[in-house]
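This report refers to the structure that appears directly beneath it.
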Amino acid sequence: MTGNPADRAGAILEIDLAGIAENWRLLARRAKPAECAAVVKADAYGLGAARVAPVLAAAGCRRFFVATIEEGIALRRVLPYPAEIAVLHGPWPGCVGDFIEFRLVPVLNDPGQIAVWRCAVTQYGGGSAMLHLDTGMARLGLTMPEFNRLADELSRPDSIRWRALMSHLACSDEPEHPLNGIQHQRFAVARQRLPGFPASLAASCGIFLGSNFHLDFVRPGAALYGLNPQPGCPNPMKQIVKLRGRILQIREVDQGQSVGYGAVHVMGSPGRLATVGVGYADGWLRSASQRASGRIGGKQVPLLGRVSMDLVVFDVSGIDPSLARPGGFVEFLDDEHGVDAAAIDAGTIGYEILTALGRRYHRIYRGANGSLC
Ligand SMILES: *Cc1c(COP(=O)(O)O)cnc(C)c1O
């Protein structure tokens, strides 16, 4: 007899799909009259693009961004045309046929990619693209001199159907940073040379910089998944993920007992420890060693010593033994202590916590009214 996967799971990751749709609607209202796209790269920030994207499409989202062509092909299987799927990394000669076949929209990032795509479009007869202008990231996109050289040519009727002129903000999580205004200004100047191109500048945090950053469409990712788009202010987004790990063993220890690799934590008094089946191989980052905490029955339990590959240890001395027992659970991520808080514990950002979430977790997807789906 095989059991229920949730019963044998060492850890359970719950993902609130209805909450993601709610977050998208909040951002769409905020950005209005600009359109609201959705960024579902890196498998929807680790949460499962095949589950997330159809829910967003049902909520009204028509435009999706992924990073790679492989992600685009996988997404096309669950999002039939005419849902627009744009691929941020752009095309190279070996993959233009895939862009055409799966009706993916490449983001063209340099003169070489423009040439490759124009050649493909001429050969296959028509195709859409977005143009990426670098206004201050030095990462992807045409440099300003490249843009200035090409703008006249790009403004003329073209075999490429231009779906957007876009750029990306480097410091939108810091509203006072001068680069926000500088990038906005550079982008505004560039747009004047390509008036027919829909314009897009803002990701999650950019939406909260003000309506002059919204332009024709916005491209949030992180905020859809519950990360705070206004660091330092109350988070307007709904928390999307819950993670709980199963207690494998409970032990009583004496004062002076060291805990885990490197013996970096030494008990200052006798206590009770719970060993839980979640480790850095599950994306519970080793940098959270000695710093993170879990929760049992709403009470905080400190993580002691180093995070191992498959295990962590919590101090459950103050917890009712009927709760802190083998087979019981420690909450790792919940509404009170969410992904952003876990990121602070691990010295990183919520994006990294989400995209690191492990493959060994038993996943539960919740839809409307918390129902399983
Ligand atoms: C990842 C990405 C986004 C989404 O950013 P968030 O901060 O997650 O909202 C938008 N645009 C580009 C170009 C990106 O690379």
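The values are calculated or read from the model by the stated rules, or taken from the named source; none is laboratory data. What you see is a predicted model, and the numbers here were worked out from it, not measured in a lab. Glycine gets a Cβ as well: all are built from the backbone with ideal geometry, and neighbour counts include every protein chain shown. Calculation scope for accessible area: heavy atoms of the full protein, side chains included, ligands and nucleic acids excluded. Shrake-Rupley method; radii C 1.70, N 1.55, O 1.52, S 1.80 Å.
Dipole check for the chain: with +1 at the C-beta of Lys and Arg, -1 at the C-beta of Asp and Glu, and the Cα centre as origin, the magnitude is about 640 Debye. When Asp43, Asp282 are compared by accessible area of protein heavy atoms, the largest-first order is Asp43, Asp282, using a 1.4 Å probe. Sites listed here are GluC sites (Glu not before Pro) in region 90-192 whose DSSP assignment is loop and whose Cβ has at most 10 other Cβ atoms within 10 Å: Glu176. Working note: Karplus 6.51/-1.76/1.60 with θ = phi - 60° gives region 156-170 the couplings 7, x, 9, 6, 7, 8, 7, 8, 5, 10, 10, 8, 10, 7, 7 Hz, where Gly and Pro are set to x. Amide H to amide H distances under 5 Å link Phe64 with Ala38, Glu84, Ile85, Ala86, where only residues 5 or more positions off or on other chains count and H is placed in the peptide plane. A simple rule links phi to the HN-Hα coupling: the Karplus curve 6.51 cos²θ - 1.76 cosθ + 1.60 with θ = phi - 60°, which for region 352-358 gives 6, 4, 5, 6, 8, 3, x Hz, with x for Gly and Pro.
Contact order for region 1-97, expressed relative to its length and based on alpha carbon pairs under 8 Å spaced 6+ residues apart, stands at 23 percent.
Here the chain is scanned for trypsin sites (Lys or Arg not before Pro) in DSSP loops (not H, G, I, E, B) that have at most 10 other Cβ atoms within 10 Å, and the longest stretch holding none of them is 140-358. With a Förster radius of 41 Å applied to the beta-carbon distance between Asn4 and Gln300, the computed FRET efficiency rounds to 0.85. What you get for region 60-171, charging only the Cβ of Lys and Arg (+1) and of Asp and Glu (-1), is a dipole of about 320 debye around the Cα centre. Among Asn228, Asn212, Asn180, the residue with the largest mean-square fluctuation in a Gaussian network model of the chain, with springs joining Cα atoms closer than 10 Å, is Asn212.
In this rough spin-label picture, where each label sits 7 Å from Cα along the Cβ direction, the Glu176-Ser287 distance is 2.5 nm.
Applied to region 97-106, the Karplus parametrisation 6.51 cos²θ - 1.76 cosθ + 1.60 on θ = phi - 60° returns per-residue 3J(HN,Hα) values of x, 5, 4, 5, 4, 9, 6, 9, 9, x Hz, with x for Gly and Pro.
With a/c under 1.5 counting as rounded, go ahead and sort region 241-337 into rounded, prolate or oblate using the C-alpha gyration tensor (a ≥ b ≥ c being the square roots of the eigenvalues; past the cut-off, prolate if a/b is larger than b/c, else oblate). Taking the square roots of the gyration eigenvalues as a ≥ b ≥ c, region 241-337 is oblate.
A Cβ-based charge dipole, computed about the Cα centre of region 241-337 with Lys and Arg at +1 and Asp and Glu at -1, lands at about 100 debye. Dividing the summed helix terms, -39500 (n - 2.57) for each DSSP H run of n ≥ 4, by the number of residues in the chain produces a 222 nm estimate of -8500 deg cm²/dmol to the nearest 500.
Restricting the chymotrypsin sites (Phe, Trp or Tyr not before Pro) of region 159-219 to loop positions (DSSP other than H, G, I, E, B) with no more than 15 neighbouring Cβ atoms within 10 Å leaves nothing. Tally the DSSP beta bridges in the chain and give the antiparallel ones as a percent, rounded to 5. The antiparallel fraction comes to roughly 55 percent.
Normalised by the number of residues in the chain, the mean separation of alpha-carbon contacts (under 8 Å, six or more apart) gives a relative contact order of 18 percent.
Solvent-accessible surface of region 17-225, averaged per residue with a 1.4 angstrom probe and all protein chains in place: 42 square angstrom. For the chain, which whole-number percentage of the solvent-accessible area (1.4 Å probe, protein heavy atoms only) is attributable to carbon and sulfur atoms? In the chain, the share of accessible area belonging to carbon and sulfur is 52 percent.
The residue among Pro82, Gly60, Gly48 whose Cα reaches farthest toward the positive pole of the charge dipole of region 29-137, with charges on the beta-carbon of Lys, Arg, Asp and Glu, is Gly60.
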